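Asker: Submitted below is the structure of interest, expressed as structure tokens.
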Amino acid sequence: MNKLPLTLKNVTYHSGGKQLLKCNATISEGLNTVILGPNGAGKSIFLRVCHGLLKPTEGQVEWTGKEQDANNPNQAMVFEKPIMLQRTAEANLAYGLKLRGAKRDVIKQRVLQILRRVGLTEAAKQLATSLSAGEQQRLALARAWVLEPDVLFLDEPTANLDPGSTAEVEIIIQEIRKSGTKIVMTTHDLGQAKRLGGDIIFLYGGILKEHSSAEKFFDSPKTIEARAFLNGEILWGQY
Amino acid sequence: MAGTEDTANNFLDALLLALDLITEFNAGLIEIVSLSLSVSLSAVLIAASIGLPLGAALTVYNFRGRQISIVLLNALMGLPPVFIGLTVYLLLSRSGPLGALDLLFTPTAMIIAQAILITPIVAALSRQTCQALYEIYEEQLRSLGATPLNIMLTILWDARISLVTAIMAGFGRAIAEVGAVFIVGGNIEHFTRVMTTTIALETSRGNLALAMALGIILVLLSIVVNGVASVTADSVSRSRANR
């Protein structure tokens, strides 16, 4: 059964009297969707509204045309700074499966399998908070992956990592996509957007400026904002 | 000058007497200490089983009147023991609503009074501890599909080592308090006499050295109990890390 498209219909999000997001968007099955934009463009808010962590002030979030909550697919999110439960690595992975009522032996088997795939078998019994930043981010990805989500939201998954760890994380992201999960991620790393992006959503000042294939976006951006962003010109005070 | 010397002598006498009482395993002393411990530990058990979930629930559940509840809870931390003692006394006295239970001047009445005294302390301190962890965990746990109840249990479990501090604060207050147990227990020898009421009694009798000796033992006891708790918490956290 199709779990997508995800549609944001006339969605706005306000906080503290300020409008932080205003957009219409449709995210479909297929390649990775990458949300681009400068700091403060509303990328994280966009993801949180899609995932249901934030309720839109106006408008609707719909999965396959039905209102959010009624038809939610299995979804997960990995945050910019990995939040580790103060438990062992394997207990972190088991947590979400337990909430979903999985059987003990199923949990054990899935956890070991995913730990191996992200290269953390050795760390299974270690306290998650004692792992390095790169390992923690891989564990956070594993914790989402183990749930076999239909959609996985990634908020700046490599923002705090060195190049080596970034490469490892990108490989894992592609593996997760190959296993049938739709990836929706934010980044401010243009190289990463080119490497991973199937289509690009460009946000600026909380407004969706462009949504096109990655190829088109990087070859011929339509808006001045996108052109300026790609050229590395910072757009101050134009929100 | 004579007064200063008296004080110094009293202290010295008290120390020697305390040592004597401890080393000879004085039967009277053991009786009093064990009643003190069993009353206060029972009160802590009750306070923890109410206060921990209450503190966590106030963190996780957002309801109308939550803010007021928190303010009230914090205010209740400072309830004067004498007031609690009097309230429990009135409830348990023959003519009171719970008079039929015949609990006044029993250790049970003392446990009830101490539990009322320290439940707000345990609850308010656990709320603070839980709040700190909740702010870190909230989005992640909701993202993983946790209900508020799941979140509450997860936070209580993951914060358990810090929560020991909240429980110990409650214990410290219970074992050191005299007003409430005096009123509802009555300081009856061999039955409801605990360390603090004995100290008060011996002081009024003029047995300052004995009172002081008991005071020293009370302080030592507090240190030992806190030490045991912190060593336990430490070894739990270490074994968890190495598991």
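The values are calculated or read from the model by the stated rules, or taken from the named source; none is laboratory data. Bear in mind the structure is a predicted one, so any value in this text is a computation, not a measurement. Backbone-built Cβ (ideal geometry, glycine too); neighbour counts: all protein chains shown. Protein only, heavy atoms only, side chains kept; ligands, DNA and RNA dropped before computing areas. Shrake-Rupley method; radii C 1.70, N 1.55, O 1.52, S 1.80 Å.
Asker: I need the full set of residues from segment B:58-68 which are out of contact with any Phe, Trp or Tyr (no Cβ under 7 Å at 6 or more places or on another chain) and buried (at least 19 other Cβ atoms within 10 Å of the Cβ), in order please.
Answerer: If the condition is that a residue be out of contact with any Phe, Trp or Tyr (no Cβ under 7 Å at 6 or more places or on another chain) and buried (at least 19 other Cβ atoms within 10 Å of the Cβ), then B:Leu58 is the only one that fits.
Asker: Still on this structure: I need a count of the residues in segment A:176-234 that are more than 28 Å from A:Pro56 (Cα to Cα) and among the acidic types (Asp, Glu).
Answerer: Result for segment A:176-234: 3.
Asker: Across segment B:81-99, what is the total count of residues that are touching a Leu at 6+ places or on another chain (Cβ under 9 Å), open to solvent by 60 Å² or more (accessible area, probe 1.4 Å) and in contact (Cβ under 8 Å) with a residue 40 or more places away in the chain?
Answerer: 1
Asker: Oh, and also: Could you tell me which residue of segment B:102-145 is farthest from the other protein chains (Cβ to nearest Cβ), considering only residues that are of a type in the set (A, V, I, L, M), crowded, with 22+ Cβ neighbours inside 10 Å and within 26 Å of A:Asp69 (Cβ to Cβ)?
Answerer: Checked segment B:102-145; the qualifying residue farthest from the other protein chains (Cβ to nearest Cβ) is B:Leu141.
Asker: Within 19 Å of the chain's Cα centre (by Cα) and either outside any helix (DSSP H, G or I) or over 22 Å from B:Phe83 (Cα atoms) (or both): does that describe B:Ala213?
Answerer: Judged against the criteria, B:Ala213 is not a match.
Asker: Let me ask something else. So, of the residues in segment B:60-88 that are assigned to a loop (DSSP other than H, G, I, E, B) and among the hydrophobic types (A, V, I, L, M, F, W, C), which turns out to be farthest from B:Leu104 (Cα to Cα)?
Answerer: Among those that are assigned to a loop (DSSP other than H, G, I, E, B) and among the hydrophobic types (A, V, I, L, M, F, W, C), it is B:Phe63.
Asker: Another one. Take the conditions more than 13 Å from chain B (Cβ to nearest Cβ) and either closer than 11 Å to A:Val146 by Cα or open to solvent by less than 60 Å² (accessible area, probe 1.4 Å) (or both) and apply them to A:Leu93. Does it pass?
Answerer: Criteria not met by A:Leu93.
Asker: Going by the conditions given, is A:Lys178 open to solvent by 50 Å² or more (accessible area, probe 1.4 Å) and either under 18 Å from the mean Cα position of the chain (by Cα) or modelled with pLDDT under 95 (or both)?
Answerer: When the stated conditions are applied, A:Lys178 passes them.
Asker: Of a type in the set (Gly, Ala, Ser), over 24 Å from B:Met152 (Cα atoms) and without any contact (Cβ under 8 Å) to a residue 24 or more places away in the chain: is that true of A:Ala123 in this structure?
Answerer: Criteria not met by A:Ala123.
Asker: Also, quick follow-up: How do the pairs read when you match residues in segment A:62-76 that are open to solvent by 40 Å² or more (accessible area, probe 1.4 Å) with residues anywhere that are in a strand (DSSP E or B) and of a type in the set (A, V, I, L, M), using Cβ under 8 Å and keeping only pairs 6 or more apart or on different chains?
Answerer: From residues that are open to solvent by 40 Å² or more (accessible area, probe 1.4 Å), the pairs are A:Glu67/A:Val61; A:Asn74/A:Val151.
Asker: Can you name the strands (runs of 3 or more DSSP E) wholly within segment A:118-235 that have at least 1 residues being within 14 Å of chain B (Cβ to nearest Cβ) and in contact with a helix residue (DSSP H, G or I) (Cβ under 6 Å, 6 or more places away or on another chain)?
Answerer: A:151-155
Asker: Please tell me if A:Ala102 is of a type in the set (A, V, I, L, M, F, W, C), in a loop (DSSP other than H, G, I, E, B) and more than 10 Å from chain B (Cβ to nearest Cβ).
Answerer: Criteria met by A:Ala102.
Asker: In the set B:Asn207, B:Asn226, which member is farther than 23 Å from B:Leu52 by Cα and surrounded by fewer than 21 Cβ atoms within 10 Å (Cβ to Cβ)?
Answerer: B:Asn207
Asker: Please enumerate the residues belonging to segment A:23-43 that are at negative phi and surrounded by 21 or more Cβ atoms within 10 Å (Cβ to Cβ).
Answerer: Once the filter is applied, which keeps residues that are at negative phi and surrounded by 21 or more Cβ atoms within 10 Å (Cβ to Cβ), segment A:23-43 yields A:Cys23, A:Asn32, A:Thr33, A:Val34, A:Ile35, A:Leu36, A:Ala41, A:Lys43.
Asker: If a residue has to be among the polar types (S, T, N, Q) and under 20 Å from B:Gly227 (Cα atoms) to count, how many in segment B:161-188 make the cut?
Answerer: So the count comes out to 2.
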